[in-house]
Every structure is written in C-alpha cells, then in structure tokens.
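For reference, the structure discussed in these notes is given below.
The values are calculated or read from the model by the stated rules, or taken from the named source; none is laboratory data. Predicted model only: the values in this text are computed from it and were never measured. As a convention, Cβ positions derive from the backbone with ideal geometry for all residues, glycine included, and neighbour counts pool all protein chains shown. For accessibility, only protein heavy atoms count, side chains too; no ligands or nucleic acids. Shrake-Rupley method; radii C 1.70, N 1.55, O 1.52, S 1.80 Å.
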Amino acid sequence: MTARVVRLGSDRLPGEGLRLGTVRRPPRGVSKSEYSSRNFYDVWLPTLAPRAETIKLAQGVKSEREWARFAKKYRTEMARPESTFVLDLLASLSHQTSFSVGCYCADETRCHRSVLRALLVERGADVTD
C-alpha cells in the first residue's frame, strides 16, 4: 500500500490504484467519460491544485529563487483547512491502500506535484517513486 506521484496521461503502473487529478482544470479535448480510460484520472481533486495565479507564477519560473517563491505560495495555499484535511486523509490512506496523485506537467521538478510529494511525506505518507 502506497501513494505515487505521477504525470496525468502517462501509462499506469501495476498496482497504482485510484488516480487522483490534482489539477485546476480537466484535460482539454477529452470527454469526461474518457478521463480514466485515457489515464488522466479516476477522480478529480482540484482542492490540491494551485490557484490560477499561482500556476501562472510557476509557468514563468526562470530561476531557483522564483521556484522557491512559487513553492512557498503553493505551501501557503495548502495550509488552508480544506487542503490540510485532504492532505492528512491521503497520508493516512497511503498506509491502507494504493493510489496516485498527479498533474499534466512533463517535468515534476518544476511542477506543483514535487511540492505535493513533499507535503505528503511531511505528513507521514508512504510515497513511492
């Protein structure tokens, strides 16, 4: 039983479990009935997605300093009660069942999911690469 952090739309790994889309918007040009079959997500969980203005900040990152600014802003968003409850739930569930969380970005090191991974680990989640 474990949590994984994945790129939405990528091939699923054996035993990956339920895939949660921690994105602000559903995939463009894909009908809702195909989200799961096309490996985007089984359940949409925008509660853990950065706000639109924070996403814009991340997309413009050109330095480590700018990335740190984005990460700090996203962490502040994830400190809201509605987000902390979900993060705590996922951390606990990672010890009982397998699931994955993800985003569309190609590079996890410049994606909110790298910060999300850290937030889950900080809460004691069992996270596998």
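When the residues of the stretch 99-113 are filtered to those that are among the small types (Gly, Ala, Ser) and open to solvent by less than 30 Å² (accessible area, probe 1.4 Å), the one that is nearest to the chain's Cα centre (by Cα) is 102. Please enumerate the residues belonging to the stretch 88-117 that are acidic (Asp, Glu) and modelled with pLDDT of 95 or more. Of everything in the stretch 88-117, just one residue is acidic (Asp, Glu) and modelled with pLDDT of 95 or more, namely 88. Scanning the stretch 27-61 for residues that are of a type in the set (Gly, Ala, Ser) and either in contact with a strand residue (DSSP E or B) (Cβ under 8 Å, 6 or more places away or on another chain) or under 23 Å from residue 75 (Cβ atoms) (or both) turns up 36, 49, 52, 58, 60. Applying the criterion of being in a helix (DSSP H, G or I) and either β-branched (Val, Ile, Thr) or touching a residue at least 12 places away in the same chain (Cβ under 8 Å) (or both) to the residues of the stretch 55-70, the residue that is surrounded by the fewest Cβ atoms within 10 Å (Cβ to Cβ) is 69. For the stretch 90-104, name all the residues that are more than 20 Å from residue 24 (Cα to Cα) and not small (Gly, Ala, Ser). Once the filter is applied, which keeps residues that are more than 20 Å from residue 24 (Cα to Cα) and not small (Gly, Ala, Ser), the stretch 90-104 yields 93, 95, 96, 97.
Limited to the stretch 10-31, what total is found for residues that are touching a residue at least 24 places away in the same chain (Cβ under 8 Å), within 21 Å of residue 94 (Cβ to Cβ) and exposed (fewer than 12 other Cβ atoms within 10 Å of the Cβ)? Adding up the residues that qualify gives 1. The residues of the stretch 71-98 that are in contact with an Asp or Glu (Cβ under 7 Å, 6 or more places away or on another chain), in contact (Cβ under 8 Å) with a residue 40 or more places away in the chain and open to solvent by less than 10 Å² (accessible area, probe 1.4 Å) amount to a single one, 94. A search for C-beta distances below 7 Å between a residue of the stretch 32-51 that is more than 15 Å from residue 6 (Cβ to Cβ) and any residue that is exposed (fewer than 14 other Cβ atoms within 10 Å of the Cβ), counting only pairs 6+ apart in sequence or on different chains, returns 47/82. Looking at the stretch 7-28, which of the residues that are in contact with a Leu (Cβ under 8 Å, 6 or more places away or on another chain) and of a type outside the set (Gly, Ala, Ser) is nearest to residue 48 (Cα to Cα)? Ranking the candidates gives 22 first.
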